[in-house]
Amino acid sequence: MEPDAEDAAFLRRYGAWDPLDPGGAATLLAGFDRPWWIVGGWAIEAFTGVRRAHEDLDVSILVCDVPALRSHVGGDWHLWSNLGGTLRPLTDRHPEPLAPDGQIWVRRSAADPWVLDIPTTPDRDGLWTNKRLADHVAPVGDVTWRAADGLRYLLPEIVLCFKALQDRPKDRADLAATWPLLDETRRAWLRAALVAAYGDEHPWLPALQRDIPATPRPRAL
């Protein structure tokens, strides 16, 4: 199907989206006393300062904090667990997500659009875990940074590691915008992570082996 047809089929099946921006997410989560952080394209834009189009907003939490999220939103928002397109409401009858590494979609009611996608992060005793690298376990504060807007974002090299799985045009554009701003330590981590997660023939690796001069990043981490 053409992209427009795919979009139309999605809307018929799941309903419309009207995604929040980072400030809107901060308003929705104001008072939520568990860690949350922005991932995906918005995290790349925050790091690089390069404006890009956004289809949605992805905010992650530890899966152990899902009960706290349910308590926080109360009856004001409906939370739905999404696993590969299968949706089930998070309710007292079904309080657990379909999988620890799934997604939670948020909307006010069936008559309202979805506003937020929350990919949950499996935790190990309250520590963040990398969905692509089983041995990468760390405190949330070690894998995120706080931007000038006061919000917390996933480190860009980790965002790119996740994006490398699909290798879409927008993922390559995010790599091109981010790579010159990474210091050698972060570059070396990303190279090693791609090999460990996807093998040494990943299509990004040849470009990442080149000696591209780093430039000062616009935002300090």
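The values are calculated or read from the model by the stated rules, or taken from the named source; none is laboratory data. Keep in mind that what you see is a predicted model, and the values were worked out from it rather than measured. All Cβ positions, glycine included, derive from the backbone under ideal geometry; neighbour counts span all protein chains shown. All accessible areas refer to the heavy atoms of the entire protein, side chains included, with ligands and DNA or RNA removed. Shrake-Rupley method; radii C 1.70, N 1.55, O 1.52, S 1.80 Å.
Does G15 satisfy the criteria of being open to solvent by less than 30 Å² (accessible area, probe 1.4 Å), on the phi > 0 side of the Ramachandran plot and in contact (Cβ under 8 Å) with a residue 40 or more places away in the chain?
Numbers: open to solvent by less than 30 Å² (accessible area, probe 1.4 Å): yes; on the phi > 0 side of the Ramachandran plot: yes; in contact (Cβ under 8 Å) with a residue 40 or more places away in the chain: yes.
In short, yes.
Exposed (fewer than 15 other Cβ atoms within 10 Å of the Cβ), over 17 Å from the mean Cα position of the chain (by Cα) and of a type in the set (G, A, S): is that true of G24 in this structure?
Details: exposed (fewer than 15 other Cβ atoms within 10 Å of the Cβ): yes; over 17 Å from the mean Cα position of the chain (by Cα): no; of a type in the set (G, A, S): yes.
In short, no.
Just name the residue that is nearest to G31 (Cα to Cα) out of those in the range 118-154 that are part of a loop (DSSP other than H, G, I, E, B) and hydrophobic (A, V, I, L, M, F, W, C).
Result: L151.
Just name the residue that is most open to solvent (accessible area, probe 1.4 Å) out of those in the range 183-216 that are of a type in the set (D, E, K, R) and at pLDDT 90 or above. Outline the logic, then answer.
From the range 183-216, those of a type in the set (D, E, K, R) are 183-184, 186-187, 191, 200-201, 210-211; that's our starting set.
This time we only want the ones that are at pLDDT 90 or above, so: 183-184, 186-187, 191, 200-201.
Values: D183: 63, E184: 99, R186: 45, R187: 8, R191: 42, D200: 117, E201: 165 Å².
In this case the residue turns out to be E201.
One line per residue, one yes/no per condition, for (1) within 22 Å of W42 (Cα to Cα); (2) part of a loop (DSSP other than H, G, I, E, B):
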| position | (1), (2) |
| --- | --- |
| A173 | yes, no |
| A177 | yes, no |
| R186 | yes, no |
| A193 | yes, no |
| A196 | no, no |
| H202 | no, yes |
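For the range 159-168, check the following and say yes or no: at least one residue is exposed (fewer than 13 other Cβ atoms within 10 Å of the Cβ), part of a loop (DSSP other than H, G, I, E, B) and either touching a residue at least 40 places away in the same chain (Cβ under 8 Å) or not aliphatic (A, V, I, L, M) (or both). Quick ask: steps written out before the conclusion?
First, the residues of the range 159-168 that are exposed (fewer than 13 other Cβ atoms within 10 Å of the Cβ): 166, 168.
Next, from what is left, pick out any that are part of a loop (DSSP other than H, G, I, E, B): 166, 168.
After this cut, where a residue has to be either touching a residue at least 40 places away in the same chain (Cβ under 8 Å) or not aliphatic (A, V, I, L, M) (or both) as well, the list is 166, 168.
So far as the range 159-168 goes, yes, one or more of its residues are exposed (fewer than 13 other Cβ atoms within 10 Å of the Cβ), part of a loop (DSSP other than H, G, I, E, B) and either touching a residue at least 40 places away in the same chain (Cβ under 8 Å) or not aliphatic (A, V, I, L, M) (or both).
Check whether at least one residue in the range 24-37 is aromatic (F, W, Y), outside any strand (DSSP E or B), in contact with a strand residue (DSSP E or B) (Cβ under 6 Å, 6 or more places away or on another chain) and farther than 30 Å from W179 by Cβ, and report yes or no. Talk me through it step by step, then tell me what you get.
Of all residues in the range 24-37, those aromatic (F, W, Y) come to 32, 36-37.
Next, only the ones that are outside any strand (DSSP E or B) stay: 32.
Next cut, in contact with a strand residue (DSSP E or B) (Cβ under 6 Å, 6 or more places away or on another chain) only: none.
There is no residue in the range 24-37 that is aromatic (F, W, Y), outside any strand (DSSP E or B), in contact with a strand residue (DSSP E or B) (Cβ under 6 Å, 6 or more places away or on another chain) and farther than 30 Å from W179 by Cβ.
Given the structure, is L155 among the aliphatic types (A, V, I, L, M), within 22 Å of S60 (Cβ to Cβ) and touching a residue at least 40 places away in the same chain (Cβ under 8 Å)?
Values: among the aliphatic types (A, V, I, L, M): yes; within 22 Å of S60 (Cβ to Cβ): yes; touching a residue at least 40 places away in the same chain (Cβ under 8 Å): yes.
When the stated conditions are applied, L155 passes them.
I want to confirm something. Restricting to the range 48-58 and keeping residues that are within 14 Å of the chain's Cα centre (by Cα) and in contact (Cβ under 8 Å) with a residue 60 or more places away in the chain, which single residue is surrounded by the fewest Cβ atoms within 10 Å (Cβ to Cβ)? Break it down stepwise before answering.
Let us first name the residues in the range 48-58 that are within 14 Å of the chain's Cα centre (by Cα), namely 54-58.
Restricting the remaining residues to those that are in contact (Cβ under 8 Å) with a residue 60 or more places away in the chain gives 56-58.
On the way: D56: 16, L57: 21, D58: 23.
Selected residue: D56.
Quick one: what pairs do we get from the range 80-106, first residue in contact (Cβ under 8 Å) with a residue 40 or more places away in the chain, second assigned to a loop (DSSP other than H, G, I, E, B) and surrounded by 15 or more Cβ atoms within 10 Å (Cβ to Cβ), C-beta under 8 Å, 6+ apart or different chains?
V106/W77
Starting from residues that are of a type in the set (G, A, S) and loosely packed, with under 13 Cβ neighbours inside 10 Å, keep the ones in the range 27-45 and report whichever is nearest to A147 (Cα to Cα). Talk me through it step by step, then tell me what you get.
Filtering the range 27-45 down to residues of a type in the set (G, A, S) leaves 30-31, 40-41, 43.
Pick out the ones that are also loosely packed, with under 13 Cβ neighbours inside 10 Å and you get 30-31.
Values: A30: 17, G31: 19 Å.
Step by step, filter the range 27-45, then rank; the result is A30.
Identify all residues within the range 1-23 that are small (G, A, S), part of a helix (DSSP H, G or I) and within 25 Å of R70 (Cβ to Cβ); write none if there are none.
In the first step, residues of the range 1-23 are kept if they are small (G, A, S); the result is 5, 8-9, 15-16, 23.
After this cut, where a residue has to be part of a helix (DSSP H, G or I) as well, the list is 5, 8-9, 23.
Hit for the range 1-23 is G23, nothing else.
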